[in-house]
Amino acid sequence: MKGHTLGAYNIADLREFARRRLPRGIFEFVDRGAEDEVSLRNNRAALDRIKLKPRVLVDVSQRSRRAGCHRG
């Protein structure tokens with residue numbers, strides 16, 4: 001859907017979006033994770049380890065999509 005956005009800016013927004021749109025039983029099954037929620041905790045820990053490095057005010061006019069090509 002070109003031009004359509006969910007209005008979600010983080011995982012919490014996506015979770016709320018799913019909660020409002022999925023049938024309750026399906027949402028709860030997916031939201032809780034498997035059995036004793038070990039997989040849910042592991043997935044959350046893995047996501048928490050991801051660090052994004054925002055780069056603002058960087059000149060990207062000479063960027064290339066070729067692998068290993070760095071200009072600067």
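Read-outs: derived from the displayed coordinates by stated rules, not from any lab. Note that the structure is a prediction, hence the values are computed from the model and not measured. Virtual Cβ from ideal backbone geometry, glycine too; neighbours counted across all protein chains shown.
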Packing-based order for 9-21, 43-55, using average beta carbon neighbours within 10 Å, highest first: 9-21, 43-55
What spacing in nm lies between the two simple spin-label points modelled at Gln62 and Val38, each 7 Å away from Cα in the Cβ direction? 5.3 nm
